[in-house]
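Single-structure report; data block below.
The values are calculated or read from the model by the stated rules, or taken from the named source; none is laboratory data. Keep in mind that what you see is a predicted model, and the values were worked out from it rather than measured. Note that we place each Cβ from the backbone using ideal geometry, even for glycine, and neighbour counts take in every protein chain shown. Only protein heavy atoms, including side chains, enter the accessible area calculation; ligands, DNA and RNA are left aside. Shrake-Rupley method; radii C 1.70, N 1.55, O 1.52, S 1.80 Å.
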Amino acid sequence: MAEDTESSKINHSFLRDYVTEADVISTVEFNQTGELLATGDKGGRVVIFQRESESKGELEELGDSGDSGEYNVYSTFQSHEPDFDYLKSLEIEEKINKIRWLPQQNAAHFLLSTNDKTIKLWKVSERDKRPEGYNLKDEEGRLKDISTVTSLQVPVLKPTDLMVEVRPRRVFANGHTYHVNSISVNSDGETYLSADDLRINMWHLGITDLKRLLDRLSLPDIVDIKPANMEELTEVITSAEFHPHHCHMLVYSSSKGTLRLCDMRASALCDKHTKLFEEPEDPGSRSFFSEIISSVSDVKFSHNGRYLLTRDYLTAKVWDLNMDKGPVETYQVHEYLRSKLCSLYENDCIFDKFECVWNSSDSVIMTGAYNSFFRMLDRETGRGVTLEAWRESSKPRAVLRTRRVYTGGKRRRGDVGVDSLDFTKKILHMAWHPSENIIAIAATNNLYIFQDRVSPDTHTQ
């Protein structure tokens with residue numbers, strides 16, 4: 001028995017270190033209540049985690065919320081399969097680029113998932129009863145001989161083991177020529193946008209056919225930046241999002257580091273933006289890498305709709321919708337990498353797209369870095385802290401330790417040198433619970449969920 005236990009440990013250790021490309025997590029998203037958490041991976045799978053509400057209630061009765069943030073696997077399903085575009089002779093990856101939950105209207109949950117080309121709407125529902133006593137079917141579901149039916153009975157619903165059913169409700173295809181990088185559900189609950197490199201489309205959740213959508217609603221591509229001559233192309237769309245409260249407003253970011261706020265009340269085709277947010281460039285600091293590192297990889301509205309949060313390669317910035325001359329706050333994420341841009345360009349790390357998120361009160365922002373590090377930035381104090389998502393911190397009640405990258409001066413114990421950073425361990429995707437201090441961090445094929453139980457300065461799982 002002891003031998004089996006030891007063997008199991010060895011095998012587990014081996015499997016834990018063996019990572020296939022298909023298992024790498026590519027998106028993370030909480031639903032509106034935070035009770036469900038969905039992840040998508042490069043293999044086209046979606047895994048939904050559910051918060052343990054029963055244990056949470058029991059612990060609250062005891063006056064202890066110790067494990068109230070525990071999430072367990074609720075459902076797993078294959079969202080997308082590899083495909084091939086025969087017209088262009090291009091393979092279409094199954095990788096899940098984005099997941100977005102729809103506001104819950106009834107007992108079922110709905111979510112949108114997308115790969116590079118096709119967006120799908122999924123219904124997630126529970127079933128704990130099954131009908132019995134059919135007149136024309138036997139217990140195994142086979143049709144009976146009608147001549148053997150001598151009396152009629154009313155079918156009854158009987159309790160059964162809980163089953164989670166995930167079914168596709170809509171497939172939104174043929175709307176994008178280029179790779180989809182964003183989807184965002186509108187506050188009206190009826191429409192959503194999808195963005196690729198050159199266009200932003202607006203869809204109605206009840207209509208999957210793009211031509212019928214255009215005929216019925218007169219909604220073309222609401223943004224189209226494709227030039228008549230592709231040689232004149234100077235920028236691409238990198239991210240887009242609807243305003244959380246105003247269904248007529250949206251923002252999109254570009255590879256030039258600009259943000260454009262659009263108002264669909266002025267025109268259904270938002271080629272002319274309402275506001276342009278751009279930070280003036282210092283000519284003295286311009287280099288070969290300036291345009292690459294200024295490209296905005298993610299943009300998020302604050303929960304109150306007043307601010308925009310953006311992330312470029314080296315910084316996170318907060319913009320006020322009423323001030324378009326420049327960001328009101330700028331936070332250095334890993335400025336120590338500026339001297340390493342040449343080598344980061346050679347290994348393509350300079351093109352990594354980091355996401356950024358707000359906490360529920362918009363007072364703290366979070367974004368990722370390398371070496372399994374991620375940054376928490378307090379807007380009130382302007383201070384930031386570097387934390388590490390690693391296996392030791394995944395133990396229950398373990399305290400997240402702060403880390404520091406050594407760039408010069410006095411070296412402290414535990415500091416990590418810039419040359420020692422592991423650029424293969426990158427935190428690109430993350431999510432923050434909509435109302436509590438619970439965060440989900442995707443690190444390669446691992447999902448870490450941490451909960452703040454004491455104060456904003458102490459983060460534990």
Q. Want the number for residue 383 to residue 265: 0.36 nm per residue separation, take away the alpha-carbon distance, what's left?
A. 38.6 nm
Q: For region 283-388, restrict the atom set to alpha-carbon positions and state the Rg and Dmax in Å.
A: 14.0, 40
Q: Enumerate the whole-percent occupancy of each 20 Å bin, from 0 to the last occupied one, for all C-alpha pair distances of the chain.
A: 21, 53, 21, 4, 0
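Gain in length, residue 410 to residue 363, computed as 0.36 nm per residue apart minus the alpha-carbon separation, to one decimal in nm? Don't skip to the end; give the middle numbers.
Values: separation 47, 0.36 × 47 = 16.92 nm, distance 3.14 nm.
That pair, residue 410 and residue 363, stretches by 13.8 nm at full extension.
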Q) List the cysteines of the chain that have no other Cys Cβ closer than 4.7 Å: which are they? A) 247, 342, 349, 356
Q. What lysines sit close enough to residue 317 to cross-link, taking a C-alpha to C-alpha distance under 16 Å and skipping anything fewer than 8 places away on the same chain?
A. 256, 300, 325, 353
Q: Using θ = phi - 60° and the Karplus relation 6.51 cos²θ - 1.76 cosθ + 1.60, list the HN-Hα couplings for region 70-87 in order, rounded to whole Hz, with x at every Gly or Pro.
A: 6, 10, 10, 4, 9, 7, 9, 8, 8, 7, 10, 10, x, 9, 9, 8, 5, 5
Q: Assign unit charges at the C-beta atoms only (+1 for Lys and Arg, -1 for Asp and Glu), then state the dipole size of the chain relative to its Cα centre in Debye, rounded to the nearest 20.
A: 500 debye
(Q) Students often get this wrong: which residues of region 227-261 have the backbone nitrogen under 17 Å from the point 7 angstrom along Cα-to-C-beta of residue 272? (A) 260-261
Q: Relative to the compact-globule scaling 2.2 N^0.38 Å, provide the ratio for the alpha-carbon radius of gyration of region 230-307.
A: 1.22
**Q.** Net length gained if the chain between residue 158 and residue 47 were fully extended (0.36 nm per residue, minus Cα distance)
**A.** 37.1 nm
Q.
Compute the distance from the alpha-carbon center of region 103-120 to that of region 67-101, in whole Å.
A. 11 Å
Q: Give the distance, in whole Å, between the Cα centre of region 271-302 and the Cα centre of region 237-264.
A: 14 Å
Q: First compute the accessible area of the chain with a 1.4 Å probe, then give the percent of it belonging to carbon and sulfur atoms.
A: 49 percent
Q: Please give the peptides 251-262, 187-198, 144-155, 408-419 ranked by average Cβ packing (other Cβ atoms within 10 Å per residue), highest first, as a rough proxy for protection.
A: 251-262, 187-198, 408-419, 144-155
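Counting only helical runs of four or more DSSP H residues, what would the 222 nm mean residue ellipticity of the chain come to if each run contributes -39,500 (n - 2.57) and the total is spread over all its residues?
Numbers: 5 runs with 44 residues, N = 461.
-2500 deg cm²/dmol, from helical runs alone.
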(Q) Need the C-alpha centroid separation for region 329-372 versus region 142-169, integer Å. (A) 55 Å
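What number, in percent, do you get for the relative contact order of the chain if the mean sequence gap of Cα pairs under 8 Å and at least 6 apart is divided by its residue count?
Reported relative contact order: 10 percent.
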Q) Going 7 Å from the Cα of residue 245 in the Cα-to-Cβ direction, what parts of region 291-316 have a backbone nitrogen less than 20 Å from that spot? A) 300-310
Q) Of the listed peptides 281-293, 123-135, what is their order by residue-averaged count of other C-beta atoms within 10 Å, with the highest listed first? A) 123-135, 281-293
